[in-house]
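The values are calculated or read from the model by the stated rules, or taken from the named source; none is laboratory data. The shown structure was predicted, so the numbers you read here are calculated from the model rather than taken from an experiment. FYI the Cβ positions are ideal-geometry reconstructions off the backbone, even for glycines, and counts take in every protein chain you see.
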């Protein structure tokens, strides 16, 4: 990336060298040394079948549940930060920004979908809010990189993430964990599982955690960025024999979080200078909130037919999300406002120098419900050919209400905007994938999926007030205008894949992959100013991915070295863009289609356990992500010569895709040393470095996140049988101040930050 310092380039070089001699984080999370001193086998189900990670012909990272517990990882954002090339901004629980290999979603409106697919036990979570699920009692988490349209369906143009829970068996198991830390944090988890009757087993797990705010709102005097989260998951499993396996799962998560993105303000070029230099403190009119209640019930049935396994997954999910943010990062002293006889602000009479910025309160409430049915058959033939085929259906409804109250001092405007949107979506799909072993070492896998989406969208939008002097006056003299609109669209797509895999030696596995991804279209009706604009839809997004990889194991299973090269071409890329719907109004931040984009890169993954008790890991990703087609972004910019705002169009062709660091790497290790016949001491650490990147496609210098490295670690003792463990831990040990999100708007640059240094102690027991 342009602008990288010599020091940063040296860090990148050191990271690349490290990636060749020490291992990868994703492996390391599962790569504890076995009794013989080698690396443990990692089993994944990324291709809807159990297989060794080293023989799975695709790029996938896997984190075991045990490793997540030992690392003190409580939520998805902490996983994302440890995967190079993966950026995640959890600022808004209703619209989290998730990017993998340079592809993601900036805005998730009621009528849009994320670019990264989230799954819980193979159940598709259609809203990106699935990232709010509490992480406990997990068997593993799998992150599949790149488009996965054939097996995973729509909206996986960037990749797929699957959370797999521990399934109950007749064997009794139990565990508990409790921890405390700074910022008043505590974390409690417990689980129990075992046999209930002949052929019947069950499990239940629960968690509760809390931390005080990481920042302070000096205007209200309250802490912000605090969190209270609770979760429970119960499973009931019925196995009357060897052929039938029925699993009923229910989960609930409740999150109550303080606002983010409201405490820090950086002035833009024309803004009245206002900088609060003290870390993570700033004034704001509100404290904000980030609340979520979500859960569901899943019924999975597996039946062995004798020639293969027939699987049925039926699921119902529901989520309620609420956020309250000051999207202008503003500070207004209302006592100094001057109001006219009509009760409205007299902008001409006030002293503008008294005000630092604008006031824009955004209140969102959303309810999402979905039903899905997945039926598939996986053969187990004796011959060289096997097949995986299935049918899928999902019905989803989304209801969102968004209310914005604004006062823009600089532009002489005040008012309220109300948008009520509703989406009904139906998805049908059918797929088939066949694998043929040409020889004992050479095989080919080919598949294709057909998907059809039908969406029904409606919106009611009302504007009360005036903006930039444009008064919306009705027959009674009230400043208001309102409209409603609806539309229905259908899209369909064929998403094929072809995979050639070759095992030239026992521990060497090579593959070449071509796959297509598809993401359905949608609307920006919440931002429209008239019914015609509300019915303007953006098109589906398509991606062709070309990938080659080598997975190798060396030194009697003590060393793994994997390398992947990828090239992905995107057509009609859905991306964030500023569009002017009304010349009297500011540009809206909406989803639109870029002509083309290209992402290419290299991923290096290694793991090594040279001696018993020592595991090292590292990861390195190089990525070149560019907009290659015309993408016109138009924004209103303040012009002091006319005391007004003027539209400024810009072609973003050739710009770097937002949230796409050119270089990133992770390194770390785990050292365990016996201190007695029954007690071991351990040290664990990981360092995660990310190159510079922009938060917008405009590549504005004001949205640049500079390169940063984050160090996490723990030290403790554990019994030889691993039943007891006590550890002292720290995250962001060097207290790096780095951004989670930036938005360059008229009047200010809105900034939110990742958590500061946190530390504490945890006691864990398991049976």
Can you find a residue that is in contact with a strand residue (DSSP E or B) (Cβ under 9 Å, 6 or more places away or on another chain) and at pLDDT 90 or above anywhere in the stretch 738-751? no
Scanning the stretch 423-448 residue by residue, those surrounded by 19 or more Cβ atoms within 10 Å (Cβ to Cβ) and either outside any strand (DSSP E or B) or under 25 Å from the mean Cα position of the chain (by Cα) (or both) turn out to be 423, 425, 427, 429
Return yes when residue 190 is without any contact (Cβ under 8 Å) to a residue 40 or more places away in the chain, crowded, with 16+ Cβ neighbours inside 10 Å, part of a strand (DSSP E or B) and touching a strand residue (DSSP E or B) at 6+ places or on another chain (Cβ under 8 Å) and no when it is not. yes
Given 140, 173, 166, which one is touching a residue at least 24 places away in the same chain (Cβ under 8 Å), buried (at least 21 other Cβ atoms within 10 Å of the Cβ), in contact with a strand residue (DSSP E or B) (Cβ under 9 Å, 6 or more places away or on another chain) and over 22 Å from residue 453 (Cα atoms)? 140
With the requirement that a residue be over 18 Å from residue 518 (Cβ atoms), under 11 Å from the mean Cα position of the chain (by Cα) and modelled with pLDDT under 75, what does the stretch 92-114 give you? 93, 95, 96, 106
Can you go through 215, 190 and tell me which one is under 30 Å from residue 755 (Cα atoms) and at pLDDT below 95? 215
Look at residue 291 and say whether it is within 17 Å of residue 168 (Cα to Cα) and either buried (at least 17 other Cβ atoms within 10 Å of the Cβ) or at pLDDT 85 or above (or both). no
Tell me, yes or no, whether the stretch 33-44 has at least one residue that is under 30 Å from residue 376 (Cα atoms), in contact with a strand residue (DSSP E or B) (Cβ under 7 Å, 6 or more places away or on another chain) and either modelled with pLDDT under 50 or assigned to a loop (DSSP other than H, G, I, E, B) (or both). yes
Those residues of the stretch 145-161 which are outside any loop (DSSP other than H, G, I, E, B) and under 16 Å from residue 88 (Cβ atoms), in sequence order: 145, 159, 160, 161
Can you tell me which residue is surrounded by the most Cβ atoms within 10 Å (Cβ to Cβ) among those in the stretch 531-557 that are under 25 Å from the mean Cα position of the chain (by Cα) and not in a strand (DSSP E or B)? 540
Qualifying residues in the stretch 625-674 (those that are outside any strand (DSSP E or B) and farther than 25 Å from residue 115 by Cα) - the one modelled with the lowest pLDDT: 643
Across the stretch 344-358, the tally of residues that are at pLDDT 70 or above and out of contact with any helix residue (DSSP H, G or I) (no Cβ under 8 Å at 6 or more places or on another chain) stands at 5
Identify the residue in the stretch 405-419 that is surrounded by 18 or more Cβ atoms within 10 Å (Cβ to Cβ) and under 20 Å from residue 485 (Cα atoms) and, among all such residues, is farthest from the chain's Cα centre (by Cα). 417
Give the stretch 193-211 a look and list any residue that's closer than 25 Å to residue 237 by Cα, within 27 Å of the chain's Cα centre (by Cα) and touching a residue at least 40 places away in the same chain (Cβ under 8 Å), or say none. 205, 206, 207
Taking the stretch 162-187 and keeping residues in a strand (DSSP E or B) and either more than 24 Å from the chain's Cα centre (by Cα) or farther than 30 Å from residue 146 by Cβ (or both) leaves 173, 174, 175, 176, 177, 178, 179, 180, 181, 185, 186, 187
Of all residues in the stretch 511-530 being in a strand (DSSP E or B) and touching a helix residue (DSSP H, G or I) at 6+ places or on another chain (Cβ under 8 Å), which is surrounded by the fewest Cβ atoms within 10 Å (Cβ to Cβ)? 516
If the Cβ limit is 9 Å and pairs must be 6+ apart or interchain, which residue in the stretch 534-562 that is at negative phi and without any contact (Cβ under 8 Å) to a residue 24 or more places away in the chain pairs with which residue that is surrounded by 18 or more Cβ atoms within 10 Å (Cβ to Cβ) and assigned to a strand (DSSP E or B)? 536/523
Determine, yes or no, whether residue 385 is in contact with a strand residue (DSSP E or B) (Cβ under 6 Å, 6 or more places away or on another chain) and surrounded by 17 or more Cβ atoms within 10 Å (Cβ to Cβ). no
For residue 436, work out the one condition from (1) free of Cβ contacts under 8 Å to residues at least 40 places away in the same chain; (2) more than 30 Å from residue 371 (Cβ to Cβ) it doesn't fulfil. (1)
Which of the residues spanning the stretch 45-59 are surrounded by 22 or more Cβ atoms within 10 Å (Cβ to Cβ) and in a strand (DSSP E or B)? none
